[in-house]
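J.: Can you read through this structure? Questions will come right after.
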Amino acid sequence: MTSSRVNGMSSTAKLSRTAMLLGAALMLSYLESFIPLPLPIPGFKLGLANIALIICFEQISPLSALFLQILRISISTLLFGSPASLWFSLAGGAASYIVVALFYASLRKYVSELGISVASAAAHNMGQLAAAAIIFSSAAVFNYLPWLLFASIIFGSITGTICRLVNKAVCEAENRRKTGIEKI
Amino acid sequence: MRKIKPLGGDYIVIAVTALAAVLSLLLTFPRGSGSEVTVNSPGGVSVYNLFADAEFEVEGTDGIVMTVVIKDGSVFAAESGCPDRLCVKTGKISRPGETIICLPAHIIITVGGENEGGEHDFVAG
């Protein structure tokens, strides 16, 4: 699996690819605000921007993904969010980053982007609920936990599958480019 | 070429998440009969009788105002100035453990009563 990653990338290549993914993540956050929520659960999101985070882990590095996550949350809150939503986004974003980083540090061989995406969505929701419990000083917010977890499985699988398809396409393009260079 | 077939660990992650969802559903499933309504807003916590019909306004963050109606032993958000209006879409709640949350306004409405879990103590305390 590691062989499929884009290795030996120059720092300029890393920087420009992370920036491209940040742009894609912001576009996905914006797009998401137009899509009516399929489920009436407070705090529920499609999590499309998570696609960019996992692709960044897969193709670039955990450090780049950390920058991507921090910048994506701050910029999208400034552009499309409200100050009240910042703490929920930060808590969810931190929890999902940590979970994805743990998977990439140890379990990536056994779990694909699909499982990582589901775990990341579940972590995002739990982080968000923990922030809500603190802000509201009420544990009643956890009444929504089961529904958010079920939603994580469904929508995490969808975004995870998109990640797999994108990563596969990028790897194939990269291989074609390399063999092309060798021929020349 | 990479295949996009799921790996074994994917099924484990999904199974663990599903198990956590089912367990938390069993723990928080609404049961029993409600007797009171707790409204938690940035202005503080107030408790109402679930069986005394009432209509009042609750002020949340960012100047959002929510109209809460208590009628025939259930409570619902009739109107709200928040952007997503999920609190209004949640509809009527009447059993202990059921909750209406308005994230943008930081308002949370819970039903309390018999057979409830530890949640109510947390709210009141």
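J.: Along each of the three principal axes of the Cα atoms of the stretch A:1-137, give the extent in whole Å, ordering the values from largest to smallest.
T.: 46, 31, 26
J.: Could you work out the relative contact order of chain B, using alpha carbon pairs under 8 angstrom and six or more residues apart, expressed as a whole percent?
T.: Numbers: 236 pairs, mean separation 30.3, N = 125.
Taking the mean separation of contacting Cα pairs over the length of chain B, I get 24 percent.
J.: Still on this structure, please answer the following. Given +1 on the Cβ of Lys and Arg, -1 on the Cβ of Asp and Glu, and no further charges, what dipole in debye does chain A carry about its Cα centre, rounded to the nearest 20?
T.: With Lys and Arg at +1 and Asp and Glu at -1, about 500 debye.
J.: So in the protein assembly as shown, which Cys have no other cysteine's beta-carbon sitting under 4.7 angstrom from theirs?
T.: Within the protein assembly as shown, the cysteines lacking a partner Cβ under 4.7 Å are A:Cys56, A:Cys163, A:Cys171, B:Cys82.
J.: Could I ask something else about it? Just checking the output field for A:118-127: average partner chain Cβ neighbours within 10 Å of each residue's Cβ? Spell out each step's value before the answer.
T.: On the way: counts 6, 6, 1, 1, 6, 1, 0, 0, 1, 0.
Mean partner shielding for this stretch: 2.
J.: Separate question: For helix A:49-59, report the angle its Cα long axis makes with the longest principal axis of the Cα atoms of chain A; keep it between 0 and 90° and round to the nearest 10°.
T.: With both axes taken from Cα atoms, the answer is about 30 degrees.
J.: List the pairs from A:Lys14/A:Lys45; A:Lys45/A:Lys168; B:Lys5/B:Lys89; A:Lys14/A:Lys178 whose alpha-carbon separation is above 27 Å, in the order I gave them.
T.: A:Lys14/A:Lys45; B:Lys5/B:Lys89
J.: Using only Cα atoms and rounding to the nearest 10 degrees, what angle (0 to 90) does helix A:145-183 make with the longest principal axis of chain A?
T.: 10
J.: While we're looking at this one, here's another question. What average number of partner chain Cβ atoms lie no more than 10 Å from the Cβ of the residues making up A:128-138?
T.: On the way: counts 1, 0, 0, 0, 4, 2, 0, 5, 10, 6, 12.
Across A:128-138, the average partner-chain Cβ count within 10 Å equals 4.
J.: Please give, to one decimal in nm, the separation of the simple spin-label points placed at B:Asn49 and A:Leu37, each 7 Å out from Cα toward the Cβ.
T.: If labels sit at B:Asn49 and A:Leu37, their model points lie 3.4 nm apart.
J.: Using Cα pairs closer than 8 Å and at least 6 residues apart in sequence, work out the relative contact order for the stretch A:1-115, in percent.
T.: On the way: 75 pairs, mean separation 31.1, N = 115.
So the answer I get is 27 percent.
J.: Sticking with this one: For the protein assembly as shown, what is the calculated [θ] at 222 nm in deg cm²/dmol (nearest 500), taking -39500 (n - 2.57) for each run of four or more DSSP H residues and dividing by its residue count?
T.: That comes out to -18500 deg cm²/dmol.
J.: Please compute the average number of Cβ atoms from other chains found within 10 Å of each residue's Cβ in peptide B:95-106.
T.: Details: counts 0, 0, 2, 2, 7, 2, 10, 1, 11, 4, 1, 4.
The shielding value for this peptide is 4.
J.: Pairing the Cα long axis of helix B:8-28 with the longest principal axis of chain B, what angle in degrees results, from 0 to 90 and rounded to the nearest 10?
T.: Between helix and principal axis, roughly 20 degrees.
Read-outs: derived from the displayed coordinates by stated rules, not from any lab. All values derive from a computational prediction rather than experimental measurement. In this analysis, Cβ positions are derived from the backbone assuming ideal geometry, glycine residues included, and neighbour counts consider all displayed protein chains.
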